[in-house]
Amino acid sequence: MFFQYIWFMRKKKNFNEIVELEISSLAFQGAGLARLGNFVYFVKHALPGDKVIAQVLRKKKSYAEAIVQKILVPSPFRVEPRCEYFGTCGGCTFQNLDYLKQLEWKRQQVEDNFQRIGNFIDFKVDDPIGSKENFHYRNKMDFSFSNSRWIMPQELSEIELKKPKDFALGLHYPKRYDKVIDIDYCYLQQAEANQILQYFREIARKYEVSAWSEKEHKGFLRSLIIRHSFTEKKFMLILITNELSSKEEKEFIEKVKSEVQKNFPNVALLLQVINSTNNPVRIEEQRLLFGNSTISENILGINYQISPFSFFQTNSQELNRFISKIIDFANPDQEQVVWDLYCGTGTITLPLSKKVKKIYGFELSEDAIFDAKKNAALNGIDNAIFVQEDLHKKNIVEKLRDYEIPSTITIDPPRAGMHKSLIELILQVAAKRLVYVSCNPSSQARDCELLSEKYRLKKVLPFDMFPHTYHIEAIAEMELID
Ligand SMILES: C[S@@+](CC[C@H](N)C(=O)[O-])C[C@H]1O[C@@H](n2cnc3c(N)ncnc32)[C@H](O)[C@@H]1O
């Protein structure tokens with residue numbers, strides 16, 4: 001692990017500073033936190049209870065960022081990580097921390113944010129709901145092809161490398177867009193998805209088709225997106241390539257098309273997407289190699305059609321329980337009119353529509369609104385009205401004033417939280433209840449403080465949709481002060 005950082009650390013000041021630290025807790029984004037007097041250290045790869053020798057990477061007036069060089073006394077909460085790439089790949093932060101401790105830390109994070117940023121002094125956050133499955137829970141993984149493989153620390157002692165240096169299919173080394181870690185098995189996705197990943201690696205190498213070079217902007221294979229429906233137990237594969245230019249590439253595509261269909265009956269569709277530009281997210285052409293154009297997922301009795309590039313929550317196994325909790329917090333009845341702000345494709349709106357008189361979903365993305373309307377129609381729902389709207393516009397107060405006044409507002413904003421103009425609107429509307437869902441407790445706490453001008457914070461429930469990462473969702477309930 002230490003070697004991975006040498007190139008980086010050489011450029012930094014304080015390279016030689018070594019400190020012995022006792023880690024007391026975890027800080028934002030999962031670094032271990034230690035104090036020496038008033039000075040704070042954020043130590044990468046350290047856990048609460050560890051006694052470590054750490055190497056300083058960056059030093060400021062009141063704090064430093066460091067990385068573990070040696071563990072002198074391991075934390076009692078350490079567990080053996082399952083994944084051989086843990087510590088190199090940035091996908092998981094806490095595979096080495098006992099899951100109950102992960103939950104405890106996430107609860108503490110949310111509470112600290114509400115107390116310190118939101119000024120809800122002494123406010124206690126509920127015990128979090130944990131994921132039933134800690135592994136294999138993601139329904140979407142985006143793997144990159146690269147002609148520049150990241151050499152793993154354990155390979156440094158190999159006289160001859162077992163894997164080629166100029167081919168990789170996996171995940172980018174953190175902050176290195178030119179380097180990809182060749183991943184044989186990712187524990188966050190389904191076991192069968194790993195067989196698919198392995199198949200694509202082998203066939204690409206067999207046909208000697210080139211992998212994308214981020215430096216030279218050339219190469220045939222760019223990325224492989226694997227999506228999974230837990231309801232249907234089916235996969236959607238999206239293979240992103242450069243335009244076909246050689247005989248081998250054409251043969252490769254034909255072979256993949258026939259072999260995937262034959263060997264992986266659970267693959268519902270294989271789509272080839274052409275992108276020959278330098279922009280990694282550009283879609284120039286879509287070629288359906290076989291199958292339907294969507295997969296579907298059922299959440300609380302609502303059927304969602306998921307097209308290749310439409311958004312869907314990444315942990316569909318927990319989505320029933322998560323959305324049920326949000327609905328419980330909304331305390332719905334058949335008289336209620338609800339506004340669902342930042343409704344996306346309607347994951348909250350559509351199940352909630354079954355329990356209320358009418359619900360309005362507001363959302364910026366035209367594609368998401370299109371999917372939400374399509375899913376409403378597919379499920380025969382006619383009391384959910386979807387409106388494309390930029391909720392951060394300055395004149396949002398005038399824009400939404402004419403809609404039926406809601407008694408409940410559900411809010412699920414992006415990480416940055418709400419704009420002041422929207423908060424002003426919510427304060428003017430004065431719905432009886434607010435249910436604020438967020439994956440960023442600091443912006444959530446800040447917004448809840450602004451809303452507390454008219455609302456009382458009743459309850460905050462963290463929900464862990466992303467085990468082994470530092471991410472956490474939290475549902476906050478606020479009620480209008482009479
Ligand atoms: C956390 S997601 C909410 C997802 C939604 N609850 C769902 O399940 O599909 C945040 C949503 O906010 C939308 N968004 C971002 N900026 C916005 C804005 N200025 N106005 C309205 N919606 C916005 C994004 O497009 C995204 O769908």
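Where a number appears in this text, it was derived from the coordinates with a stated rule and is not lab data. The structure displayed is predicted, hence computed values, not measured ones. Note that we place each Cβ from the backbone using ideal geometry, even for glycine, and neighbour counts take in every protein chain shown.
Which of the GluC sites (Glu not before Pro) found in the range 263-319 are loop residues per DSSP with 15 or fewer other Cβ atoms within 10 Å of their Cβ? Those satisfying the criteria are GLU284. Based on C-alpha pairs under 8 angstrom that are at least 6 apart in sequence, the chain has a relative contact order of 12 percent. In this Cβ point-charge picture (+1 for Lys and Arg, -1 for Asp and Glu), the range 6-78 has a dipole of about 400 debye about its Cα centre.
The amide H of LYS459, built 1.01 Å from its N in the peptide plane, has GLU477 as neighbours under 5 Å, considering only residues 5 or more places off or on other chains.
Mind checking the range 25-112 for trypsin sites (Lys or Arg not before Pro) that DSSP puts in a loop (not H, G, I, E or B) and that have at most 15 other Cβ atoms within 10 Å? The qualifying sites are LYS60, LYS61, ARG82. Our coupling estimate for the range 137-151, obtained by passing each phi through the Karplus curve with A = 6.51, B = -1.76, C = 1.60 and θ = phi - 60°, is 9, 7, 9, 8, 9, 10, 9, 10, 8, 8, 8, 9, 7, 6, 7 Hz, Gly and Pro reported as x.
Each 20 Å bin from 0 upward holds the following percent of the Cα-Cα pairs of the chain: 21, 50, 28, 1. LEU21 sits among other residues whose Cβ lies under 15 Å from its own Cβ, and their net charge, with Lys and Arg +1 and Asp and Glu -1, is 0. Here the range 267-374 is treated as a sphere whose radius is the Kirkwood value from Cα pairs; by Stokes-Einstein at 10 °C and 1.306 mPa s it diffuses with a coefficient of 101 µm²/s. Here the label points at LYS215 and LEU378, each 7 Å from Cα along the C-beta direction, are separated by 4.4 nm in the simple model. Taking the number of Cβ atoms within 10 Å of each Cβ as an exposure proxy, the fewest-first ranking of CYS89, CYS186, CYS448 is CYS89, CYS186, CYS448. Across the range 140-298, the volume of the C-alpha convex hull divided among the residues equals 125 Å³ per residue.
Farthest towards the positive end of the charge dipole of the chain, among the residues HIS419, ILE159, ASN315, is the Cα of ILE159, using unit charges on the Cβ of Lys, Arg, Asp and Glu. With a Förster radius of 35 Å applied to the beta-carbon distance between SER245 and ILE159, the computed FRET efficiency rounds to 0.45. Taking the range 211-255, which GluC sites (Glu not before Pro) meet the DSSP loop condition and have no more than 12 other C-beta atoms within 10 Å? Listed in order of number, the matching sites are GLU216, GLU243.
With the simple spin-label model, which puts each label point 7 Å out from Cα in the Cβ direction, the TYR207 to ASN38 separation comes to 6.4 nm.
Shown for PHE135, PHE123: other C-beta atoms within 10 Å of each C-beta, ranked fewest to most, produce the order PHE123, PHE135. FRET efficiency for the pair LEU427 and ASN298, taken as 1/(1 + (r/R0)^6) with r the Cβ-Cβ distance and R0 = 30 Å, rounds to 0.20.
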